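Structure record follows, encoded as C-alpha cells.
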Amino acid sequence: MSEAIVEETGQRRWWRPVLMFGVPLLLAAVGAYFYVTGGRYVSTDNAYVRQDLLSIAPDVSGRVSEVAVAENQQVAAGALLFRIEERPYRIALEEAEAAVANARLSVAQLRTGINASRAGIEGARAQVALEQQNFARQAELLKRGFTTRASYQASDNALKEARARLAAAEAEGARAQAAVAGSVGRPIDAHPEVMEAIAKRDKAALDLYRTTVRAPRSGIVSQTDRLQVGQVAAAGLPMVSLVGGQGIWIEANYKETDLANMAVGQPATIELDAYPDLELRGRVASIGAGTGSEFSVLPAQNASGNWVKVTQRVPVRIAIDGTPRRALLAGLSAEVTIDTRARAVASAGATPKAGEPATGPSLAMATAH
C-alpha cells in the first residue's frame, strides 16, 4: 500500500513542473503567433467564381428556322448557333436590287435628256440668229421704203418667239442638268439617287446575312430554353447565353475595413464549397473602384434621420494561378484568404513601366503602404 502511494506521489511530482512551465510556454507561444500573424490574413466567404457571360441576341427579327446547338454544348468561335427565316429578307434584297437597276436607268435617261436639251438649245440659238438677221433686213428696207410695216412687225414677232423658245430650251437644259446633280462625266453610281438605292440594297444584304447567328467566341452555350424552332425572335432580345472566353476569376467582396493593407499582387488562397479537397492559389489582380452599393440599381440614400452605419463591401478580383484540375463553374461559392504581409513586394511590383501612366486606386493604395 505504501509503495503504491509513493509511486503515485512520484508521478505527481513529475507532472507538476511540466504543468507549471509547459502551460505558460504554450500560452506564450499561442499569444506570440496571434501577435505576429494578427491582421496578416484577411478572408471572406462572400466570394464567387466568375466567367465572361455573353448574351447573344439577333440583329434582325423573325421566326427561328434552325437551331444548331444544345444546352451546355461547347462551341468554337464562328460556330453556327441558330438561323432566322431568311425568305422575307431575301425578297427585300431582290426588291432593293431592282430599285438600284431602276435608279441607274433613270439616271441614264436623264443624261440622254441633257444631250437632247443641248441640241434643242443650239437649234434655238440658230433660229434666234436667223430671225435677228431677218429683222435687221426688214428694218433697213423699211427705212428705204422697200417693204411694208406689216412685214417689219411680222419679222419682229418672229424674233421674239425665237428668243422665247431659246429661253425655254435653256430652262429645260438647266432642269436636266440639275436632275443629274452634276454627275455628268462621272460613273452613274455616283448619282445621289443611285447611291441611295445602293445603300438600301447593302442594308438588305446585311439583314439577310444577319439571319445567320454565329458564336462570336468560344464557350459553353447556356439558357437555350427560348431557342426553339418556330419561336419568334425580336431584334436585340437575348435568345441564348455564351459562358467562357477570357478566362476564370474569383470575385471576393471584402469589407472596407479589410482594405487597409491590401494591394495588387498579394498572394491568395482559394477554397471552393463545391470541391472541399481542392485548394487553389491566386493573387490580387485588382481592387474595385467603388463599393457594391455604389453600382447597384438603387444606391442607398443615407441622408435621413434613422441612418444606420453599415460596413460596405468592395469587390476584389482574384486571378487564379495555373489551371485548376477541376472544372470551375460560374457562380460557385468560394472562400478567399489574402496574405497582406506581401504588401511591400506588391507595391514594388505595381510600379508602372516606362511610358505607362501610374493611375488606378490599386496602385495608389499599394504605394501608400
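What distance in nm separates the two pseudo spin-label positions at Glu279 and Arg210, each 7 Å out from Cα along the beta-carbon direction?
5.3 nm
Which order do Val310, Val75 fall in if you start with the one that has the fewest other Cβ atoms within 10 Å? Display every interim value, and only then the final one.
Working: Val310 9, Val75 19.
By the 10 Å Cβ count, ascending, the order reads Val310, Val75.
Amide H of Phe82 versus every other amide H placed in the peptide plane: which residues, excluding those fewer than 5 positions away on the same chain, fall under 5 Å?
Hits under the 5 Å cutoff: Ala68, Val213.
Give me the one-decimal nm value for the distance between modelled label points at Val229 and Leu26, 7 Å along each residue's Cα-to-Cβ direction.
It is 7.3 nm.
Once the piece of chain linking Arg217 and Ala164 is laid out straight, how much longer is it, given 0.36 nm per residue of separation minus the C-alpha distance between them? Let's see the in-between values first.
On the way: separation 53, 0.36 × 53 = 19.08 nm, distance 7.15 nm.
Separation in residues times 0.36 nm, less the Cα-Cα distance, equals 11.9 nm.
Using a Förster distance of 30 angstrom, determine the FRET efficiency expected from the C-beta separation of Leu80 and Arg325, and round it to 0.05. Show your work: numbers first, answer last.
Details: r = 32 Å, r/R0 = 1.08.
It comes out at approximately 0.40.
When Ile121, Ile84 are ordered from fewest to most other Cβ atoms inside 10 Å of their Cβ, what list results? Could you put the intermediate results ahead of the total?
Details: Ile121 20, Ile84 25.
Arranged by neighbour count, lowest to highest, Ile121, Ile84 become Ile121, Ile84.
Pop a pseudo-label 7 angstrom from the Cα along the beta-carbon direction at both Gln73 and Lys143 and give the gap in nm to one decimal.
Going from the Gln73 label point to the Lys143 one covers 10.0 nm.
Among Phe82, Phe146, which comes first, then next, by fewest other beta-carbon atoms within 10 Å? It would help to have the intermediate numbers written out before the result.
Working: Phe82 24, Phe146 10.
Taking fewest neighbouring Cβ atoms as first place, the list is Phe146, Phe82.
Excluding Glu251 itself, calculate the net charge of residues whose Cβ lies under 9 Å from the Cβ of Glu251, where each Lys or Arg counts +1 and each Asp or Glu counts -1. Each step should come with its number before you reach the end.
Working: positive: Arg50, Arg317; negative: none.
So the surrounding residues net to +2.
Per 0.36 nm of contour for each residue apart, how much would the distance between Ile91 and Tyr48 grow if the chain were fully extended, relative to their Cα-Cα spacing?
On the way: separation 43, 0.36 × 43 = 15.48 nm, distance 4.92 nm.
Extra length from Ile91 to Tyr48 when fully extended: 10.6 nm.
Run the numbers for Ser61 and Glu294: contour at 0.36 nm per residue of separation, minus the present Cα-Cα distance, in nm. Don't jump to the answer; show the numbers that get you there.
Details: separation 233, 0.36 × 233 = 83.88 nm, distance 3.59 nm.
Between Ser61 and Glu294, full extension yields 80.3 nm more.
Throughout, read-outs are computed from the coordinates displayed, never taken from laboratory work. This is a predicted model, so every value here is computed, not measured. Counting neighbours? That spans all protein chains shown, and the Cβs are built from the backbone with ideal geometry, glycine included.
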